[in-house]
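What follows draws every value from the coordinates through simple rules; no lab data is involved. Computed from a predicted model, the values in this text were never measured in an experiment. Note: ideal-geometry Cβ built from the backbone for every residue, glycine included; neighbour counts use all protein chains shown.
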Amino acid sequence: MKSIAVLGATGSIGASTLDVVARHPDRFRVGALAAHRSAAALAALCATFRPELAVIADPACEAELREHLRAAGVDCRVESGADALVAAASGAHCDTVVAAIVGAAGLESTLAAARAGKRLLLANKEAVVMAGALLKAALREGGGKLLPLDSEHNAVFQCLPRGAPSLDAAGVRRIVLTASGGPFRGRTRAELAGITPEQACAHPNWRMGRKISVDSATLLNKGLEVIEAHHLFDAPVERIDVVVHPQSLVHSLVEYVDGSLLAQLGQPDMRTAIAYALAWPERVDAGVGLLDLAAAGRLDFEKPDLDTFRGLALAFDALRAGGSAPIVLNAANEEAVAAFLDGRLPFLGIAETIERCLDASPAAPAGDLAAILDADLTARRQAQRIIAALSDRASARP
Ligand code: NAD
Ligand code: MG
């Protein structure tokens with residue numbers, strides 16, 4: 001029986017995880033559930049899954065959570081605040097942690113799970129982008145195992161031979177990440193000028209949280225995933241490629257030196273990747289229907305348009321620059337996406353904010369957590385200034 005802590009339980013990945021967990025009460029139980037502010041939703045999940053520990057990150061919501069739990073007759077430990085997230089990730093109530101908080105907010109709990117030697121099911125790609133080397137050191141220290149939940153990395157993991165010490169030893173030439181191209185594939189820059197948050201969040205193939213949906217629309221998500229692949233598979237930047245595949249049925253590929261390409265295919269449903277990681281090295285039913293290739297009909301592939309979708313090009317640049325550059329890229333993006341979703345920044349302003357932030361912050365070493373958090377904070381302040389200037393410019397236009 002595995003005992004699971006789901007951090008980000010009220011989100012899209014959280015819901016998919018709990019759906020798989022509920023299908024296998026003989027294999028999985030829930031040890032802890034954590035969310036940001038949605039006390040009612042978290043309490044409802046606690047009533048269904050009966051964890052030992054419920055954590056609400058925002059202390060201002062703790063009383064409301066306690067009230068909902070009391071009303072639902074749920075008797076579990078309740079904690080709040082950033083330290084409580086770390087406790088939820090590292091305590092004895094779980095052997096497996098699903099890191100599904102969105103953004104830098106998930107960094108410390110993800111590191112804590114790794115350090116504590118938990119099986120780490122990682123969706124929180126921003127944590128890897130910010131602190132890939134630190135996370136790998138924490139995994140070594142804890143002796144646990146990381147299993148990627150991001151569908152592309154989960155696919156690559158499935159296509160690599162088990163236990164190979166390096167890509168070279170496995171005869172791997174390249175990792176090829178697929179990208180759907182997002183809702184605006186094929187559009188020109190001019191056509192992207194007036195995009196609204198609702199349009200950006202309407203992804204053609206996947207139902208996800210709003211932040212990653214916007215990231216998919218800018219292709220910055222694929223950029224974060226390139227950096228994630230670099231860390232998770234020890235792949236140098238020149239051995240990671242991106243191909244646009246609008247159907248999102250091939251979730252990624254591994255190219256071998258003999259010319260073989262191994263791919264993982266399936267429905268665009270995160271429960272497949274989650275079930276794989278939860279049960280690894282076994283396989284269990286994920287509640288996902290089979291992929292009917294004849295009904296799907298065709299698989300298309302094309303080159304990404306790096307001029308229109310600057311986000312992907314900027315991420316490759318940041319990975320090449322190294323040091324603090326990926327931290328700056330991520331922080332500027334988080335601030336810019338929040339401003340876009342808030343109506344304070346036009347869609348094209350997201351990439352512009354990131355580019356200006358990277359230009360203004362030469363890559364510096366950022367090895368330990370203090371330096372990482374410092375680079376993150378400095379970049380967020382810089383991004384806020386740029387966003388304010390860009391939004392003044394937009395409102396000054398006739
Ligand atoms: P979401 O917005 O649906 O859910 C986010 C979750 O994180 C919520 O439970 C929220 O309460 C919690 N959260 C937000 N801010 C927090 C904070 N400050 N402290 C504690 N908890 C906080 O997001 P999502 O789509 O589920 O994505 C979660 C992560 O998984 C992201 O890193 C995303 O890039 C990654 N991911 C998601 C998908 C997907 O299909 N949704 C696929 C691949 C990777
Ligand atoms: Mg992905």
Expressed in angstrom and rounded, the centroid-to-centroid distance over alpha carbons for region 283-340 and region 137-197 is 8
Footprinting proxy, C46, C357: sorted fewest to most Cβ within 10 Å, the residues are C46, C357
Quick calc, the chain, dipole around Cα centre from Cβ unit charges on Lys, Arg (+) and Asp, Glu (-), nearest 20 debye, gives 280
A correct fewest-to-most ranking of S38, S109 by other Cβ atoms within 10 Å would be S38, S109
If unit charges are put on Cβ atoms (+1 for Lys and Arg, -1 for Asp and Glu) and the dipole of the chain is taken about its Cα centre, the option from M1, I101, C357 lying farthest towards the positive end turns out to be M1
The alpha-carbon center of region 111-133 and that of region 1-70 are separated, in whole Å, by 19
Projected onto their principal axes, the Cα atoms of region 180-268 stretch, largest extent first, over whole-Å spans of 46, 26, 25
Among beta bridges assigned by DSSP with both residues in region 134-273, the antiparallel ones amount in percent, to the nearest 5, to 65
Going fewest to most other Cβ atoms within 10 Å around each Cβ, F184, F316, F309 line up as F316, F184, F309
Rounded to the nearest 5, the percent of DSSP beta bridges in the chain running antiparallel is 25
A correct Karplus calculation of ³J(HN,Hα) over region 67-74, with 6.51 cos²θ - 1.76 cosθ + 1.60, θ = phi - 60°, whole Hz and x for Gly and Pro, returns 5, 4, 5, 4, 4, 8, x, 9
Summing -39500 (n - 2.57) over every DSSP H run of at least 4 in the chain, dividing by its residue total and rounding to the nearest 500, the 222 nm mean residue ellipticity is -15000 deg cm²/dmol
In order over region 102-118: 3J(HN,Hα) from phi, Karplus 6.51/-1.76/1.60, θ = phi - 60°, whole Hz, x for each Gly or Pro, gives 8, x, 4, 4, x, 4, 5, 5, 5, 4, 5, 4, 5, 5, 7, x, 6
